[in-house]
Amino acid sequence: MARPQFSERGDHIASHEPIRVSRYRGFTRANHWVTAACLIVLAISGLALFDPALYFLTGLFGGGQTTRWLHPIVGVVLFVSFALMFVQLWRLNLPRREDAKWMAHIGDVVKQNEDKLPELGKYNPGQKFVFWGMSGLIILVIVTGVAIWEQFFPGLVSIPVRRIAVLVHALSAVAIILVFIVHVYAAIWTRGTLRAMTRGTVTGGWAYRHHRKWLREIAARDNKGPAE
Amino acid sequence: MKDTASGPTTAVSNPPVQPTEAYFDQGDITRISATRNVPQPDRELTKLAKLIDVSKCIGCKACQSACVEWNDTDPGVGENVGVYENPHDLTPDMFTLMRFSEWENPVTNELEWLIRKDGCMHCEDPGCLKACPAPGAIVQYSNGIVDFNHDNCIGCGYCVTGCPFNIPRISDTDHKSYKCTLCSDRVAVGQGPACAKACPTQAIVFGTKDDMKAHAAERIEDLKSRGYDNAGLYDPEGVGGTHVMYVLHHRDQPGLYAGLPEEPRISPVVEGWKGVTKTAGLAAMGIAAVGATLHGLFARPNEVEEHDEIEADRIVDGQEPRDGGQL
């Protein structure tokens with residue numbers, strides 16, 4: 001069987017009455033939430049060391065020394081966790097021709113003029129932006145983070161390089177938080193999305209409205225025909 | 001009742017027999033790391049400085065020994081790798097280090113043995129303090145001393161990133177940053193730094209910054225009369241001047257002295273990181289978070305509609321839309 005174009009092999013119609021479409025298996029969801037938890041810890045501990053006004057946040061982790069120690073360790077966990085997610089998700093996040101049309105109609109996306117938007121596969125360009133944005137930025141923060149990791153890599157890079165690394169680290173981290181805000185906001189604004197990452201399934205209507213090609217492909221694969 | 005010590009004007013005087021009170025304290029702090037709007041002290045102490053006359057140094061390392069003894073550090077037994085530096089670099093237990101450079105002077109064809117006592121320069125505009133994220137871990141007193149308060153240090157190494165002279169070292173054992181304190185504890189009771197006290201040739205002298213500049217001027221005049229036309233004082237303006245200064249016979253080439261920076265200043269990268277990045281970054285994140293929340297509360301959410309469900313039914317189960325279903 002040829003590789004599906006718009007869906008993962010495991011995506012399937014989970015129930016017919018009412019229609020529920022399986023979008024993420026348990027492993028992927030756990031993987032996502034581990035990554036999310038790491039990112040939140042990293043954002044809070046990182047912000048605490050980013051601006052003195054937020055230094056009090058180190059209290060959440062038991063003080064400055066612990067925060068300094070914990071932040072990079074959690075960073076490594078996030079990197080590994082995200083890398084795992086990356087290998088599961090990258091294929092359907094590759095850009096497609098219809099993405100350009102969707103982008104051109106970004107105003108209609110916001111205004112919810114659904115009939116003016118192209119049919120999409122499992123991910124829309126906004127989701128792809130979050131995916132690739134996070135992927136690139138996470139590589140930047142892990143590389144620069146190791147370069148400034150005093151405890152284990154004190155002499156890894158020269159001091160001038162270290163200065164650039166610390167600046168790039170801060171800038172990428174700010175960008176990650178911005179992408180994170182977009183990600184969370186979009187997941188909440190688009191009602192019915194969160195359950196994809198909690199229960200793993202979405203409603204048929206949600207799939208039809210937002211990822212029609214994905215739904216069509218899964219429905220076609222669901223060749224057992226209508227239930228009952 | 002103890003008398004208050006007076007500010008030291010030399011390192012050679014012996015301590016008084018009677019104990020004395022410190023002549024400066026927390027109230028004389030003018031800058032505190034990661035702290036905005038530090039209340040400025042009512043009085044301003046006389047600026048102090050240590051002057052290191054490289055031309056008078058004989059490389060005996062008495063300063064290093066005195067530093068280790070006074071600060072009660074333990075640099076450990078060294079290893080001979082065929083160079084004079086011992087230890088081979090500044091460490092969390094060695095706040096000052098004689099650095100030896102051999103240089104063939106192309107003008108005179110003489111081999112010159114340049115020995116520079118490396119250590120914290122006590123910048124008027126300290127890069128370590130600017131880079132430090134931990135409130136109160138680095139302070140500057142109005143007499144110019146830059147001191148680390150280890151209770152507040154978190155061991156992140158940002159001071160290393162910020163320092164234009166590559167001075168602070170982070171301990172592997174307690175994860176705190178260490179450097180020369182200019183013997184702030186000795187100075188507070190009217191004594192000069194241990195290194196200056198121990199120096200047998202008085203290559204290291206200590207006193208008010210004005211006195212040290214005047215003394216340096218004499219020394220430079222003397223050096224010039226001996227053929228060192230480029231002799232001069234190293235008190236770099238890029239960091240607002242320093243409270244540890246050098247008399248160099250080759251002031252035009254500070255790099256000869258184990259890489260002493262030509263024009264040290266806080267790196268613009270560090271300034272950008274601690275300046276505009278912080279302000280713009282926080283603003284961007286704040287606006288995004290508040291904007292998203294407000295939009296989320298007041299804008300119409302993107303909700304799945306009845307006809308989406310009907311169409312989904314039709315695709316999945318091949319059912320015809322029920323009444324009211326429109327495309």
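Brief remarks follow.
- Pick from the stretch A:1-53, criterion among the aromatic types (Phe, Trp, Tyr) and crowded, with 18+ Cβ neighbours inside 10 Å, ranking: nearest to A:LEU70 (Cα to Cα): A:PHE50
- Among the residues of this structure, B:PRO254 does not count as one that is out of contact with any Leu (no Cβ under 8 Å at 6 or more places or on another chain) and either within 27 Å of B:THR208 (Cβ to Cβ) or within 14 Å of chain A (Cβ to nearest Cβ) (or both).
- Considering the stretch B:278-319, the residues that are of a type in the set (D, E, K, R), closer than 30 Å to A:ILE177 by Cα and within 7 Å of another protein chain (Cβ to nearest Cβ) include one that is surrounded by the fewest Cβ atoms within 10 Å (Cβ to Cβ), namely B:GLU303.
- Flag for B:SER177 being at pLDDT 95 or above, surrounded by fewer than 24 Cβ atoms within 10 Å (Cβ to Cβ) and closer than 23 Å to B:PRO264 by Cβ: no
- Looking across the stretch A:1-34, the residues that are more than 21 Å from the chain's Cα centre (by Cα) and away from chain B (no Cβ under 14 Å) come down to A:MET1, A:ALA2, A:ARG3, A:PRO4.
- Put simply, of A:PHE180, A:PHE131 the only residue that is touching a residue at least 40 places away in the same chain (Cβ under 8 Å), over 18 Å from B:GLY162 (Cβ atoms) and within 10 Å of chain B (Cβ to nearest Cβ) is A:PHE180.
- Taken as a whole, the structure places A:LEU156 among residues that are more than 7 Å from chain B (Cβ to nearest Cβ) and of a type outside the set (Gly, Ala, Ser).
- Matching residues in the stretch B:43-81 - criterion: being polar (S, T, N, Q), surrounded by fewer than 17 Cβ atoms within 10 Å (Cβ to Cβ) and in contact with a His (Cβ under 8 Å, 6 or more places away or on another chain): none
Residue by residue, here is whether (1) under 15 Å from the mean Cα position of the chain (by Cα); (2) crowded, with 16+ Cβ neighbours inside 10 Å; (3) at the interface with another protein chain (Cβ under 7 Å from one of its Cβ atoms); (4) not in a helix (DSSP H, G or I) holds:
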| residue | (1), (2), (3), (4) |
| --- | --- |
| A:SER172 | no, yes, no, no |
| A:TYR185 | yes, yes, yes, no |
| A:ALA196 | yes, yes, no, no |
| A:ALA219 | no, yes, yes, no |
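- Some residue of the stretch B:130-143 being among the aromatic types (Phe, Trp, Tyr), in the same structural domain as B:THR91 (by TED's automatic domain parsing), in contact with a Leu (Cβ under 9 Å, 6 or more places away or on another chain) and buried (at least 23 other Cβ atoms within 10 Å of the Cβ): yes
- Screening the stretch B:220-274 for residues that are small (Gly, Ala, Ser) and outside any loop (DSSP other than H, G, I, E, B) and picking the one that is surrounded by the fewest Cβ atoms within 10 Å (Cβ to Cβ) gives B:SER225.
- From the options B:GLU102, B:GLU85, B:GLU79, residue that is of a type outside the set (Val, Ile, Thr), touching a Phe, Trp or Tyr at 6+ places or on another chain (Cβ under 9 Å), at pLDDT below 95 and more than 26 Å from B:GLY190 (Cα to Cα): B:GLU85
- Meets criteria (farther than 21 Å from A:VAL202 by Cβ and polar (S, T, N, Q)) for A:ASN113: yes
- On the stretch given as the stretch A:198-216, residues that are within 10 Å of another protein chain (Cβ to nearest Cβ) and either in a helix (DSSP H, G or I) or within 30 Å of B:SER267 (Cβ to Cβ) (or both) total 10.
- Residue in the stretch B:112-120 that is out of contact with any helix residue (DSSP H, G or I) (no Cβ under 9 Å at 6 or more places or on another chain), assigned to a strand (DSSP E or B) and buried (at least 17 other Cβ atoms within 10 Å of the Cβ) present: yes
The values are calculated or read from the model by the stated rules, or taken from the named source; none is laboratory data. Note that the structure is predicted; figures quoted are calculated from it, not measured. All Cβ positions, glycine included, derive from the backbone under ideal geometry; neighbour counts span all protein chains shown.
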